[in-house]
Each structure stands twice: as structure tokens, then as C-alpha cells.
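The values are calculated or read from the model by the stated rules, or taken from the named source; none is laboratory data. Quick caveat, the model's predicted, so the values are computed rather than measured. Here the Cβ positions follow ideal geometry from the backbone for every residue, glycine too, while neighbour counts run over all protein chains shown.
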């Protein structure tokens, strides 16, 4: 072991290190150990830099010549893991913390500070199969998220800021156009959120940095500015993830009716599990016809769409036709506010009546046994025909309010 070393990984001395910490997301590092470390395997680890302990996970241990190299990722290193689909439903609206905790648990991570943009999401929420970080970002609602040195994931509108002590850093160079500053440091005495001012025309806040250790000498390249900045690598990875995993849910998905709620909402099961969408609870029907509502049979196939691509706005928008089993609803309601101007529906068992319309009649009639032609004569309605519909479905009703 090397307790007196400037930097260690699980007790093994680190010869060279590159640590990258961004304003959002997990930090990560590439380390070269001074000697071979046969007991260093993938899993939980502690990276110590001049006395500061960073909780992390060894992701890729390996050897190169006589040196031991590895990559470590903040916390459990799991926010890039693929989690399964999961549906949520709550009439008081789904808690954002619940979605975040579930995603963290599935990814092997833990949540620390959690201050999302909104405490609750929609009445229904669909976590699709994909990167755990997508669910976390959805729960955060646009707030920042990052993994601290303690390994815990935090969510807040902004990262905390503190004024750095002048004796903890030295400004070596500064580019005012790019807001990039080169610093001499003795450890992690400054970091994201540190406000530096020595030898600068105006104070600057560090938004991301790269720390390099070589020959026991530390240098830091930091990006500053008042606006949020994101490392270009993080932007590239995020775009790839959004392209592959699709941060939004556009398109239509087949679902099977499991049960109806007393309020008319529907509990659903995804037909194609490979589509990556979860089963859903308490889903509203948007049938496309004003005043219409159906009590669906169990097993009926419906189509669900996510309004504006949002996971917390699923609605039933279409229904399978006659080729599908259970396509006829148990009850179909058409409502109208004014009963005198309501919707007229014909259904099996309904009493109906038809009026004779005004008619123009012409032709030949028999008068005293002699066929006689007559001129056209206008006739007024003389009565009504009444009857009952004997074919069709009895499951249609008319409702008025």
C-alpha cells in the first residue's frame, strides 16, 4: 500500500491521473498506477487525491506494460445502464422523487439532494426501457443533476457556489474569449461552483474542469462563466443517447385493456414488450368524437399516444375494429348538453318512428274498372310508421346533461 502517496486508488499509488468534472452528470477519471495491482477489480472503489476521498466504481481495469491502468466513474457508475420499462399512476400525480429513486435503485446509485423543477409529474407516467439517466432527467424536469465526490447523485436548479480562498489556487493563464483558465492547485481545493478572482479583471465561476496529475504535479484547466456550460464530450454523448434511446415518445403503441376504473379511465398492458414501453394505469380516453365514451371489454386492443411526446401524458386515441376480438364495448355513451338537440342513435331494441314526407304522385288508377291516368297531386304527411330495431348491438345508449 502507499498511504503517503499524493493520490491512491483503493490504496494503490497513482502515478498519472486525469479527472474530468462537469457541471452536470457524473465525474470520471483515467488512472495509471505506479505498480501492478492484482487485487484491483471492477467494482466499488475509493479514489483519494491529497486527502480528499472520492467514492467511485472501477469500470475498466487493465494492464499496459508494467503499469496498471483503469477508468473510474463517480458513484455506482450506473446512470448509463439500461433499465426496464415501468409505468406509474397516481391521482394526486406521480412524485418526481419516486421516479428518481426507482431509477437510481435500478442503476445501483443513490440520491442525495433532490430539488426538481416540479415535485410531481402527471397522473400517469411511463418510464421506457433505456438509460437510467433519461428517467432521472425527466424527474428533474430541467434542473441540473450531478454526482458528488461522496458518490451521491444530486438534483437542484443550480449548483452551490463558494468563494475560493486565494491561497488555494494560482491563475497561470486566462482566455477571456473562451472563459478557459489554467490553474495551479494543490488538490481539490477548488472545483465546480468555486468563484475565483485573483489576477482576473472580474470574478469567474468554475463550471467544469479537468484535473491532471503527473509526476506528483497538479494542474487544472477550468471553464468559467455565468451561463451553464457543458463539456463537449458530454454534449456528444447526450446527443447519441437521445438519438438511440429517444428522449421523447412519439408514435403510437398497442395496448390491451386489463380493467376499467370506476371513473372511466383504463388500466392497460403493453402488447409488444419489445417496444420498450411499460404497462400503464389510469389512462384517459380521447376518442376523437365529442361527447363519446366507451366502457371497454377486457382484452380489447387500443392505441396509446403520448401527447407532445411527453411520458407523463399518455392517452387512448384509437380502438381496434371488427377484426379484433372484444372490439365491441360493454357500453357506449354519446352525450349532449341539450337533450332536444342531442345525438340520435339507433341501436337494437330502440323504438323508432318514421314520417311520411310530402310526395308527388302520378300514374294510372282504376276508376269503375277502367284504367284512368291522373295528373300529379301533392300529398301531405298522413301519419307515422312505428317499430323496433331488431338487429345490431344493444350496447349503445344516449346520455344528456
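Just one of the numbered conditions (1) surrounded by 18 or more Cβ atoms within 10 Å (Cβ to Cβ); (2) without any contact (Cβ under 8 Å) to a residue 24 or more places away in the chain is not true of residue 25; which one?
For residue 25, the exception is condition (2).
Given the range 1-79, what strands (runs of 3 or more DSSP E) lie entirely inside it while holding 3 or more residues that are at pLDDT 85 or above?
Counting at least 3 such residues, we get 7-9, 12-21, 28-33, 43-49, 52-58, 67-74.
Looking at the structure I just gave you, is residue 102 assigned to a helix (DSSP H, G or I) and either buried (at least 18 other Cβ atoms within 10 Å of the Cβ) or modelled with pLDDT of 95 or more (or both)?
Values: assigned to a helix (DSSP H, G or I): yes; either buried (at least 18 other Cβ atoms within 10 Å of the Cβ) or modelled with pLDDT of 95 or more (or both): yes.
Yes.
Among 107, 42, 92, which is the only one that is touching a residue at least 12 places away in the same chain (Cβ under 8 Å) and crowded, with 17+ Cβ neighbours inside 10 Å?
One residue alone meets the criteria, 107.
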